[in-house]
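Participant: Structure in structure tokens, see below.
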Amino acid sequence: MKIESVTLRELRMRLTTPFETSFGVTQDRRILLVEVIAEGISGWGEITTIETPSYNAETTDTAWHIVSDFIAPIVVGRSVSSASEFPALLAGIRGHYMAKAGVENALWDVQAQQEGVPLWKLLGGTQQEISCGVSLGIRETPASLVSKVAEELACGYQRIKLKIKPGKDVEFVAAVRWEFKDILLSVDANSAYRLEDSEQLRTFDEFGLLMIEQPLEWDDIHSHARLQSQLRTALCLDECINNERHAIGAIESGACRIINVKLGRVGGHSSARKVHDACRQRNVPVWCGGMLESGIGRAHNIAMSTLPGFTLPGDVSASRRYWAQDIIEPPVEVSDKGTIQAPLTPGLGFQVDEGLIERLTVRTKRWHADVRASA
Ligand code: OSB
Ligand code: MG
């Protein structure tokens, strides 16, 4: 496949409701989309950075810079025989996983269309129906959280994840657990605690949680290993894991018993598959995390979640939980059993709404194989 052009766009999209994590509140998203044309076929990817460097070191603007000044100039005009060869082209660029992933994933969409197969099958997926959970932002009161959980359970979601931070934790988790004794329940701290808080974190052991996600610092696998040895509840790493090596190191040092795979955070489908394989060989379950994506990122998450090691419900939920109008057709729908059916049509399997994308776009940059960058 010869990469004929790359188009980078920034869209403004407003979430239907604000989402609060331990690092802040988000409502207005700056979404980056990548369209790659190869062999005359158009493929789409999403760069899943957030607006501030508070989840990882990347932002919407760093990704714009890295794609514009490094990735696009390297890849446009180049040929690869498979999207799995794409990461090798970018071996000279350190970090910037999400920027790389957005471009690579678009090429996977092209390849799947070219071969006439659904992307999830091309990736080696085996589960056409995937299990879904929801991630609930921090709320004012335990009572309002409990009613939100009731609403999501009524929609069929199979696992509830609560965002927590110091001061907004035990009371909230206790209230939810008291009301719903048997549900799959987990918490995500987005690095808001320190190893010195292990006494406090041990109090979560009484709630029968499926996992505690990323309690300690974003780049500290070692402290998670120390903490895991003091807890009954399984730790799950999110922020700490950017590649297969990190996953193997974390598992072998006992830092977690579960891994959250995010396509952007690990650098795209090729790396995600390697992380998945490394976990599977070691009997560590994985699940698909989310980054408040538009439908394009969501469709890629669905495809990845069909791999056989994705045995826990992911943060892959319906478009309508985030957007009044999504940029794909049909929007992502979740069944009343809390599942999503991976599409059977070639490529991503959703129609990209180019008219809506155009209306939401605030800046665009395009590179062609024969010409250099154009505005
Ligand atoms: O840690 O999983 C996280 C959103 C932004 C940054 C980090 C995280 C999240 C989520 C969103 O939990 C989950 C979703 O997209 O549904
Ligand atoms: Mg997380």
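The values are calculated or read from the model by the stated rules, or taken from the named source; none is laboratory data. Being a predicted model, the structure only gives us computed values, none of them experimental. When we count neighbours, we look across all protein chains shown, and the Cβ atoms used for this are built from the backbone with ideal geometry, even at glycine. Areas reflect the complete protein model, heavy atoms only, side chains present, ligands, DNA and RNA absent. Shrake-Rupley method; radii C 1.70, N 1.55, O 1.52, S 1.80 Å.
Participant: Which ones in region 170-208 are within 15 Å of ligand 1 (Cβ to nearest atom) and in contact with a helix residue (DSSP H, G or I) (Cβ under 9 Å, 6 or more places away or on another chain)?
Facilitator: Residues satisfying the conditions are L185, V187, A189, Y193.
Participant: Considering only residues of region 169-192 that are open to solvent by less than 20 Å² (accessible area, probe 1.4 Å) and of a type in the set (D, E, K, R), which is nearest to P313 (Cα to Cα)?
Facilitator: Among them, the one singled out is D188.
Participant: Given the criterion modelled with pLDDT of 95 or more and more than 25 Å from V117 (Cβ to Cβ), identify the matching residue among G92, G43.
Facilitator: When all the criteria are applied, what remains is G92.
Participant: Scan (1) in a loop (DSSP other than H, G, I, E, B); (2) open to solvent by 40 Å² or more (accessible area, probe 1.4 Å); (3) closer than 30 Å to G40 by Cα for the single condition G125 breaks and write down its number.
Facilitator: For G125, the exception is condition (2).
Participant: Return a yes/no flag: does region 333-351 have any residue that is part of a loop (DSSP other than H, G, I, E, B), under 30 Å from I248 (Cβ atoms), open to solvent by 10 Å² or more (accessible area, probe 1.4 Å) and within 16 Å of ligand 1 (Cβ to nearest atom).
Facilitator: No: region 333-351 contains no residue that is part of a loop (DSSP other than H, G, I, E, B), under 30 Å from I248 (Cβ atoms), open to solvent by 10 Å² or more (accessible area, probe 1.4 Å) and within 16 Å of ligand 1 (Cβ to nearest atom).
Participant: Restricting attention to region 215-239, report how many residues are closer than 24 Å to R139 by Cα, in contact with a helix residue (DSSP H, G or I) (Cβ under 8 Å, 6 or more places away or on another chain) and open to solvent by less than 40 Å² (accessible area, probe 1.4 Å).
Facilitator: Final tally of qualifying residues: 5.
Participant: Six or more apart or on different chains, Cβ atoms under 7 Å: show the pairs whose first residue is in region 277-297 and more than 30 Å from D353 (Cβ to Cβ) and whose second is surrounded by fewer than 22 Cβ atoms within 10 Å (Cβ to Cβ) and of a type in the set (D, E).
Facilitator: Close Cβ pairs satisfying both conditions: A278/E244.
Quick grid of which residues meet (1) more than 26 Å from Y322 (Cα to Cα); (2) in contact with a Ser or Thr (Cβ under 8 Å, 6 or more places away or on another chain):
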| site | (1), (2) |
| --- | --- |
| S22 | no, yes |
| V34 | no, yes |
| G45 | no, no |
| V76 | yes, yes |
| R94 | yes, no |
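Participant: Sticking with this structure for a sec: Return the total of residues in region 128-165 being open to solvent by 50 Å² or more (accessible area, probe 1.4 Å), within 12 Å of K337 (Cα to Cα) and assigned to a loop (DSSP other than H, G, I, E, B).
Facilitator: Count: 2.
Residue-wise test of (1) away from ligand 2 (no atom under 12 Å from the Cβ); (2) under 24 Å from S229 (Cα atoms).
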| site | (1), (2) |
| --- | --- |
| V176 | yes, no |
| E199 | yes, yes |
| R202 | yes, yes |
| E213 | no, yes |
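Participant: Failed condition for V284, given (1) in contact with a Lys or Arg (Cβ under 7 Å, 6 or more places away or on another chain); (2) buried (at least 24 other Cβ atoms within 10 Å of the Cβ); (3) over 21 Å from E104 (Cα atoms), with all others met?
Facilitator: (2)
Participant: Can you find a residue in region 72-79 that is crowded, with 16+ Cβ neighbours inside 10 Å and under 19 Å from M291 (Cβ atoms)?
Facilitator: No, there is no match, as no residue in region 72-79 is crowded, with 16+ Cβ neighbours inside 10 Å and under 19 Å from M291 (Cβ atoms).
Participant: Counting residues that are farther than 28 Å from P343 by Cα and within 14 Å of ligand 2 (Cβ to nearest atom), which strands (runs of 3 or more DSSP E) fully inside region 216-330 reach at least 2?
Facilitator: 235-237
Participant: Just one of S81, S42, S68 is assigned to a strand (DSSP E or B) and more than 19 Å from the chain's Cα centre (by Cα); which is it?
Facilitator: S42
Participant: Applying the selection to region 27-65, what residues are within 16 Å of ligand 2 (Cβ to nearest atom) and buried (at least 18 other Cβ atoms within 10 Å of the Cβ)?
Facilitator: Result: T48, T49, I50, Y55, N56, E58.
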